[in-house]
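The values are calculated or read from the model by the stated rules, or taken from the named source; none is laboratory data. Fair warning: this is a prediction, and the values are worked out from it, not measured in the lab. Every residue, glycine as well, gets a Cβ built from its backbone with ideal geometry; the counts of neighbours run over all protein chains shown. These area figures cover heavy atoms from the full protein model, side chains too; ligands, DNA and RNA do not enter into them. Shrake-Rupley method; radii C 1.70, N 1.55, O 1.52, S 1.80 Å.
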Amino acid sequence: MVAVGSILAVSACGGGESGGGEGDSFSIGVSQLVQHPALDAATEGFKKSFEDAGVDVEWDVQNAQGEQANATSIAQQFASDDLDLVLAVATPAAQAAAQAISDKPVLFTAVTDAEEAGLVDSNDKPGGNVTGTSDLNPVEEQLKLVKDVKPDAKTVGIVYSSGEVNSQVQVDLAKKAAKGLDVKIKEATIANSGELAQAVDSLGKVDAYYVPTDNNVVSAVSTMVQAAEKNKALLVGSEAGQVESGAAITRGIDYTKLGEQTGEMALKILQDGKKPAEMPVETSSNLELVVNPKAAKAQGVEIPKKLVDEADKVIE
């Protein structure tokens, strides 16, 4: 196995056996692009679905540490391993797995647009051995939070990875939403997380920052938090982990539940004989409003009481 961020957690020996209920044992490889709260939660949710179903799994969990070359190596190794199924977490990891693996089921999660990423023929009819769950954000609702918290905001800065298709999709949605909110989007791109600080500086003065579910940006979200505090700009996140790390607010997906949903798809494949080609890409309808009043104060703003009272989670 590729020795790249390897975490091997074994609950039972699988060896590729299959069946139809409790007592089954499977071998599953997981390729996670990078370590950050949202992707970690998706992976844990996926594993939890098997625990809840009483199904034993021999897990081989690999982390590509944010490097596409590592994701490709992991996928190539999984292609030759005796695995019953592969889970790819995040778009670049999914693209690598889909390219390398053709003779076993591949599921993905935390992918924004599977069609745009070339993972499936269509979201309704994937057509191959790959399917999974999308984490397409309610970008318009999230951008609206800028106005809900800071009504006089006129500019929103977004930094995203030039090489991530899912990020471009979100930025395009943000630009479309901005027209109706009377705000201007200022954007900068990066190739890796090490370029984030310089990219944020290049945006100049903005009233708020928006963090999409971009893996390079989220893995270094503390840089965005520091910029927001220094420049007294509201920081709106796209999922709860970012708010826990210092963003002020989000209305986003619960990634643990998204992972569980993906795990339920996997169980249908492994236990019921479902074919990925015939399983539409699924999305999550579980959105949660998460606020961090202390972080907002450090950014020079106050979250309205109405939003705090409405919140599903308040970070103290």
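If the condition is being out of contact with any Asp or Glu (no Cβ under 7 Å at 6 or more places or on another chain) and either within 17 Å of Ala93 (Cβ to Cβ) or assigned to a loop (DSSP other than H, G, I, E, B) (or both), then segment 135-148 contributes Asp135, Asn137, Pro138. The set of residues in segment 215-249 being among the polar types (S, T, N, Q) and within 18 Å of the chain's Cα centre (by Cα) consists of Asn215, Asn216, Ser219, Ser222, Ser238, Gln242, Ser245.
Please verify whether segment 217-232 includes one or more residues that are of a type in the set (Lys, Arg) and either surrounded by 24 or more Cβ atoms within 10 Å (Cβ to Cβ) or out of contact with any Leu (no Cβ under 8 Å at 6 or more places or on another chain) (or both). Within segment 217-232, one or more residues are of a type in the set (Lys, Arg) and either surrounded by 24 or more Cβ atoms within 10 Å (Cβ to Cβ) or out of contact with any Leu (no Cβ under 8 Å at 6 or more places or on another chain) (or both).
For segment 296-314, the tally of residues that are in contact with a strand residue (DSSP E or B) (Cβ under 8 Å, 6 or more places away or on another chain) and outside any loop (DSSP other than H, G, I, E, B) stands at 6.
For segment 251-287, the candidate set comprises residues that are out of contact with any Leu (no Cβ under 7 Å at 6 or more places or on another chain) and open to solvent by less than 30 Å² (accessible area, probe 1.4 Å); within that set, the residue that is modelled with the lowest pLDDT is Tyr255.
From the list Pro151, Pro212, the one residue that fits, being free of Cβ contacts under 8 Å to residues at least 12 places away in the same chain and either of a type in the set (Val, Ile, Thr) or not in a helix (DSSP H, G or I) (or both), is Pro151.
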